[in-house]
1. Amide H neighbours of F507 under 5 Å, counting only residues 5+ apart in sequence or on other chains, H built in-plane at 1.01 Å?
2. Please list, in order, the residues from region 324-353 whose amide nitrogen is less than 15 Å from a point placed 7 Å along the Cα→Cβ vector of K313.
3. Please give the contour-minus-distance gain from A456 to I429: 0.36 nm per residue of separation, less the Cα-Cα distance, rounded to one decimal in nm.
4. Suppose the chain between N608 and H467 were pulled fully straight at 0.36 nm per residue; how much longer would it get relative to their current alpha carbon spacing?
5. Please report the antiparallel percentage of the DSSP beta bridges confined to the chain, to the nearest 5.
6. On alpha carbon coordinates alone, what is the Rg over Rh value for region 5-264, Rh being the Kirkwood radius?
7. Given R₀ = 30 Å, what would the calculated FRET efficiency be for V247 paired with I20, taking r from the Cβ atoms and rounding to 0.05?
8. Tell me the Rg and the Dmax, in Å, that the Cα atoms of region 283-370 produce.
Amino acid sequence: MSLNITQKLIQSHLLHGEMIPGEEVSLKIDQTLCQDATGTLVMLELEALELDRVKTELSVQYVDHNLIQEDYKNADDHLFLQSAAHRFGVWFSRPGNGVSHPLHMEFFGRPGKTMVGSDSHTCAGGAVGMLAIGAGGLEVAMAMAGQPFHVKMPKVLGVKLVGKLPDWVSAKDIILELLRRRSVKGGVDCVIEYYGPGVKQLSIWDRHVIANMGAELGATGTVFPSDKETLRFLKAQDREADWVELVADKGAKYDLHEMIDLSTVEPLIALPSSPGNVARVRDVTGGEVYQSYIGSSANPSYRDFAISALMVKGAHVSPHVSFDVNPASRNVLEELANEGLLADLIHAGARIHQAGCNGCIGMGQAPATGRNSLRTVPRNFPGRSGTKEDSVYLCSPETATAAALTGKITDPRELGMAYPKVKSPRKKIVNRAMMQAPLSVAEARQIKLIKGPNIASLPTLKPLPQHLSLKILLKVGDNISTDEILPAGARVLPYRSNIPKISEFTFDIIDDTYAKRAREWREQGHQHAIVGGENYGQGSSREHAALAPRYLGLQLVIAKSFARIHWENLINFGVLPLTFVTADDYKRMELGDTIVIRDVIAALKVGNELTAVVEGKGGEIRLRHRLSKRQIEILESGSLIEWVKRHQ
């Protein structure tokens, strides 16, 4: 049987289940990735599991999100993560080393391997032929403990690339083109696999840009072949021995199909406030720009900064623009310095920030109220930048730099300059000094976890009751993101290891009374429900968006549809996710209604549909679930941690 690359990766790691789309399968996981915004909970979960040492081939803890140290909280968490990495046998990337995804691809990415990461953009690892999947932190902790990773067998969306990109068009425009066609729900329950002659035109870093933003399509993962370009990349990292060829068999089939002729792609831009709200740059030119931002995990490479530096060389950015440059790694920063390109950026007026995620996650560089910010970051959900009424656009480095020069949204083809040709740096920097290797088993067992006063133990979660009678405390619309459920940024994320405190910010972008109302209702001995629209929980994998509302008493979410990672996170923390069978029932439910489901566990086990009653409104509402037998048992146990303890 001819297999595509995705099927080969899954088949070679399949532990249980059949490769039938929609069926739950369990996979052996080779590598894991954590970052600091989610990693603190992962390490606390490993402690709760009483783990001695990780059982993966390789696990890495990065510190790249919460770098601002305005008080003790982030600094304390950095020490905690370092001590936990040493204790559990995990690599540790120190603060300021750079963003997890490009660093991992450089230092550890291996074709043919599987990886789960507690960050939705873990799918960037597919650029080198890995099956790399973003997941909630608890799922990652389980993989580190040697447990299988459970996921619905995805469909494979084959995207055939032909042709060659024209000048002033780059990889960011390719993924924006796919978002323009398919929207933020276009990859749900799919792995996106790229193939065709156009793939050979793309460098590994081009592939990284595209694979990274597969998360914005809701995809389970993104996969590129491992070919001669992959070998060239690994040679440059002194890791040639890690290369294996991985390509689709002749005659391989795909469940879904797209084709992109690269020669027809033009500069594109995602308008506020969704990565799927894509337009041609030439159709939206002229809007005044306050900020132009280069960097992030979505455009992390030397090439992405060099093209900007060459565009501004000898010039000055508009006096009305904050030109923010966020290096993705110290190695790239050093290469830019060696080539003189860093000086060109500084001379032109760039503000150089430390290597890390920074403004992408709302940790600094927040734009002014109501002013346009053009960014090469992967997502622009409302308020994610740190400014509640933000106006963030997503675009390529070429388009962002054109705006920096002109002070307005500008099609870079209209600048009147020749398209700069970026040459590889004369000296490739491979500096591993800030990447700390795991300690020996004997050394690790002597390490004590360093816990500052902001680190709180995980809350105890009770099993799902037999009968549910829940007041609806919140009703929201379509495409609610985890940034809107539990905000990121410098105001909130320093409390990432303190669930009682971080829960105070739950839904405050949408309804700043929710947390107070939910807490008071819980203190009276009651749980509650939330009603949502399509694609509920899109975006970041951070499990705080499930755990914080659960701590406040959330027991049930009924939505038109769910984003994959958040759906899994809800289950893992004992929240029942159901969908409407009839869309009109969404309209019937109102804030303050009480929804009743009798014998809920029994109903879940009987079939995929169950009924509910809204008190005082008459008639039944039909609801549906996609839970596996294992997931129903997790809800019965109260959480995935408790389920694992029962099965050890």
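Any read-out appearing in this document is the output of simple, stated calculations on the displayed coordinates, not a laboratory observation. Please read these numbers as outputs of a predicted model, since none were measured by experiment. No Cβ is skipped: glycine too gets one built from the backbone with ideal geometry, and neighbour counts run over all protein chains shown.
1. Amide H neighbours of F507: L486.
2. 336-348, by backbone N distance to the label point.
3. Full extension of this stretch gives 5.8 nm more.
4. Here the segment from N608 to H467 would lengthen by 49.0 nm.
5. Given both bridge residues lie in the chain, the antiparallel proportion sits at roughly 35 percent.
6. For region 5-264, the value is 0.97.
7. 0.80
8. Calculated on Cα positions, Rg and Dmax stand at 12.9, 38 Å.
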